[in-house]
Structures are given as structure tokens and as C-alpha cells.
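Shown next, in C-alpha cells, is the structure this report addresses.
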Amino acid sequence: MEEEEDAKTKEEDAPTKKEDAQTKEVVRDKNNYRNLHCNEAESGIEASVYTHTKLRAEVKAQVVEAFEINDRANDVYEHNFGHRPYQGNIQCLTAADLDGYGADAWLLSPPCQPYTRQGLQKDTGDARAFSFLQILELMPFLLKPPSLLFVENVVGFETSDTHAKLIEILDRTNFVTQEFILSPLQFGIPYSRPRYFCLAKRKPYSFVNEIWNRQLIQSPRPYEHFDTAFIEDDLSQEDRHKLLQSCQSIESFLELKNPSNNIEAEYATLGKGDDNVCDSLQQYYVPLSLVERWGSAMGIHPYINYCSIFKSAYYRYVKGTGSLLATVQPKKRDEASLKEQCLRYFTPREVANIHSFPEDFKFPDYISLKQRYALLGNSLSIAVVAPLLQYLFANP
């Protein structure tokens with residue numbers, strides 16, 4: 001029943017000791033910045049995202065350490081980068097510990113559950129917010145505070161008490177901030193997932209474009225350069241259509257490159273991915289029983305369109321967890337035609353592609369299919385974060 005599924009989802013979102021953990025990395029770039037990456041993990045792989053993003057953004061840096069409490073996320077990180085993150089909780093860190101890293105830049109990904117529209121919205125009262133708040137409270141007492149700060153979270157964070165605390169402490173510790181709400185659609189990726197980002201520099205460091213200082217930029221238009229002004233307005237229906245047309249096609253992110261109405265060809269071709277999770281892709285197709293039950297609530301996307309957020313419960317549940325792919329196009333599109341569309345889940349490799357992970361990103365063979373989806377769920381878009389980090393690390 002729908003109530004049972006919703007109850008299970010709420011139970012999964014309940015705060016746990018594991019979810020109260022964070023990941024961090026320390027790197028050095030050519031400008032002599034040391035970068036402390038702190039990710040409060042919800043069984044995700046943001047540590048891998050930030051490291052891949054650093055490479056894509058061409059920030060010359062060396063990762064000194066990463067912190068993550070989730071075993072499987074650490075397995076994936078180690079498999080891709082040859083180093084296993086420290087499995088600890090940064091809520092236990094002291095000001096002396098943070099000073100000991102000598103980090104000039106912090107990249108922070110607090111848990112989003114305290115601020116999501118579908119959650120309880122407990123904000124600072126949610127236990128999953130405590131670690132981030134603890135780090136903020138320590139900043140005024142640091143002998144070696146960071147010079148650069150990067151914070152990302154779900155849309156809605158910008159109206160929270162936690163956000164107000166963040167801005168208050170950054171102002172008090174001599175930071176200048178620039179805030180953005182950006183979606184991969186603005187960067188040519190057919191993936192609608194607006195996300196909040198805060199960039200901060202401690203004086204005397206300054207941004208290339210100071211006109212955005214202490215502003216929240218919410219332009220829906222395509223990204224060009226962060227050294228030019230955004231036009232803040234609402235897109236017309238025609239402009240939105242042009243924005244979608246400017247994106248790459250969904251097909252270019254698929255393991256099966258040639259769409260076909262032949263379901264047998266789909267099975268035969270799609271099972272040849274690098275991950276070798278199974279002999280065929282039968283397991284990715286949505287059972288007709290679920291199509292009949294939840295069809296009206298499914299996010300269906302054909303080969304030409306865009307997809308929406310993939311949640312960590314994707315594949316375990318079909319309702320409200322992410323987009324599905326219509327592999328066969330019916331003559332008439334309505335709820336009755338869903339059975340004819342041979343609906344399937346995007347594969348883990350395809351979800352990674354949509355998040356702009358590089359081709360050499362891999363999962364260890366023993367990571368199960370559900371674990372791969374859980375780790376990829378709610379991940380950051382490298383296509384969005386890379387230019388933001390380039391802009392943050394740039395000198396005027």
C-alpha cells in the first residue's frame with residue numbers, strides 16, 4: 001500500500017549514528033591553498049564527487065585525507081583513488097584538530113534531510129544538523145581559519161535557521177559570500193535538479209565578480225561564465241523549451257546508444273556494460289504489476305527529454321524516487337499506454353553518467369546493485385560543481 005511505502009521511506013530517513021558522519025579531504029593547489037573537504041554523508045559518495053570535480057576543474061591539488069563513516073562509500077573511494085578515507089565522525093573534531101590540518105579551503109555537504117520539503121523540516125533541531133553546526137561554532141576559535149569555503153545543500157536550506165547561522169558566523173569571521181541556486185539543465189545536462197551553493201572568501205581574498213557579493217543568485221538561464229552577470233527572471237515556456245533543447249539528449253548518457261522498439265534487442269545490447277552486474281538487463285525493467293499500481297505517479301522519460309532527481313531509494317521503490325525510461329514509444333501517450341512502453345530504471349552507470357562522473361569511475365564488483373543506487377542517490381552534479389570550484393579558486 002502507498003501508506004506502507006511512505007512509512008518505509010520515513011523510517012529510512014530517520015536519523016542514525018551513521019548518517020551523522022561526514023567526509024573531508026585536504027588538498028593543496030598551485031595557489032598554496034590547502035583544501036579541507038567535509039561531507040556529512042547520507043550513505044552517498046560526495047567525497048568521490050569532490051575529488052573527481054577537483055580533477056575536472058583542473059584545480060592542481062593533492063588530497064591529504066578524507067573522512068567518511070559509511071563502509072561502502074569508503075570502499076568506492078578507495079577503489080577509485082587508492083586511498084581509504086578515515087572512518088570517523090567530524091562532530092568530535094576540536095578547534096585544535098581543525099587547525100592541525102592547516103586547511104585554507106573547506107568543501108562542506110551537510111545532510112539535506114533537516115531542510116527537505118518532504119521531510120519533517122526540524123532544521124537545527126534535527127540531530128543530522130549537529131555536526132555542521134558544531135563545525136560552524138568552532139570557526140571563530142580557529143587560529144588558522146580557512147580562506148575559502150564551499151557549502152552545498154538542498155533548495156530550502158537558504159531559508160533555514162542553519163543557513164542564517166552559517167551567514168552570521170561567516171560575516172563575523174570576515175568572509176564575503178556569494179550564493180547560487182543552480183541546476184544541471186543550465187550546464188547542458190538533461191537533469192532537472194536545482195541545488196543551493198554558498199561560496200565564501202575571507203578578506204583580503206575577493207571574488208572575480210564582486211557584484212554578486214552577499215547576494216543569492218537564482219537565474220534559471222543557461223550558464224555561460226561566472227565573470228558575467230546572470231539575468232534574474234523567470235523563463236517563458238518558449239525559453240524553457242530552448243533551454244531543454246540546448247541540453248544533450250538523454251540517449252547520449254545511456255549504455256544502450258541506439259533506441260529501438262525491439263525489446264529483445266534492448267536486452268541483448270544493454271547487458272554489455274563494464275560493471276557486469278548481471279547477465280542481462282531484465283532486472284532493470286519495471287514489473288507490469290508496479291506499472292498498473294503506480295503508473296500515475298511515475299516519472300516517465302523517453303529518449304528525448306530530461307530526467308529528475310535520483311534518490312537513494314531508487315530501484316527499491318518505484319514511486320517518487322527518480323525517473324524511469326520509456327524504451328518503446330507508444331503511438332498514443334496516456335496512462336493506459338504505460339504497459340506498452342517497456343519501462344525500465346536507469347542503470348547505475350547511466351545515473352553516474354547523468355551526474356557527470358568520468359568513464360573511469362567504477363564500483364568494486366562486490367557492491368550490490370541496491371548499494372550502487374543508494375550511493376549514487378542524491379549525489380552532486382560534477383557538471384555544476386566543477387565551474388563553481390574554478391570560480392571559487394580563481395583570483396581577480
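The table below lists the values:
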quantity	calculated
By average C-beta atoms within 10 angstrom, highest first, the peptides 124-134, 106-116	106-116, 124-134
Residues GLN329 and PHE81, FRET efficiency given R0 of 56 Å [Cβ-Cβ distance, rounded to 0.05]	0.85
Local electrostatic count, SER183, Cβ distance below 12 Å [Lys/Arg +1, Asp/Glu -1]	+4
For LEU108, residues with placed amide H under 5 Å, excluding near neighbours	CYS38, PHE150, VAL151, GLU152
Three-way shape label, the stretch 90-205, alpha-carbon gyration tensor, a/c 1.5	oblate
At R0 = 22 Å, FRET efficiency that the Cβ-Cβ distance of ALA394 and ASP360 yields, to 0.05	0.25
Phi to ³J(HN,Hα) by Karplus 6.51 cos²θ - 1.76 cosθ + 1.60 over the stretch 341-352, Hz, x for Gly, Pro	8, 6, 5, 9, 6, 5, 6, x, 5, 5, 4, 4
Of all accessible heavy-atom area on the stretch 303-385, the percent that carbon and sulfur account for (1.4 Å)	52
Debye-sum result for the stretch 309-396 in log10 I(q)/I(0), which assumes one identical scatterer on each alpha carbon, at q = 0.14, 0.23 Å⁻¹	-0.63, -1.11
Separation of the ILE181 and GLU58 label points, Cα + 7 Å toward Cβ, nm	3.2
Placed amide H near ILE217: partners under 5 Å, 5+ positions off or other chain	GLU179, PHE180, ILE181
Karplus-derived 3J(HN,Hα), 6.51/-1.76/1.60, for each residue of the stretch 378-395, Hz, glycine and proline x	6, 5, 7, 8, 4, 4, 8, 5, 4, x, 5, 5, 4, 5, 4, 7, 6, 9
Length added when fully stretched, GLU292-GLU251, from 0.36 nm per residue minus Cα-Cα	12.2 nm
Summed side-chain charge close to ASP171 - residues other than ASP171 whose Cβ falls under 12 Å, Lys, Arg +1, Asp, Glu -1	+4
Listed residue pairs exceeding 27 Å between alpha carbons, taken from LYS122/LYS319; LYS319/LYS339; LYS242/LYS331; LYS203/LYS311; LYS144/LYS165; LYS165/LYS319	LYS203/LYS311; LYS165/LYS319
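The values are calculated or read from the model by the stated rules, or taken from the named source; none is laboratory data. If you're wondering where the values come from, they're calculated on a predicted model, not measured in any experiment. Please note: Cβ atoms are built from the backbone with ideal geometry, for glycine as well, and neighbour counts cover all protein chains shown. Remember, those area values only see protein heavy atoms, side chains included, never the ligands or the DNA or RNA. Shrake-Rupley method; radii C 1.70, N 1.55, O 1.52, S 1.80 Å.
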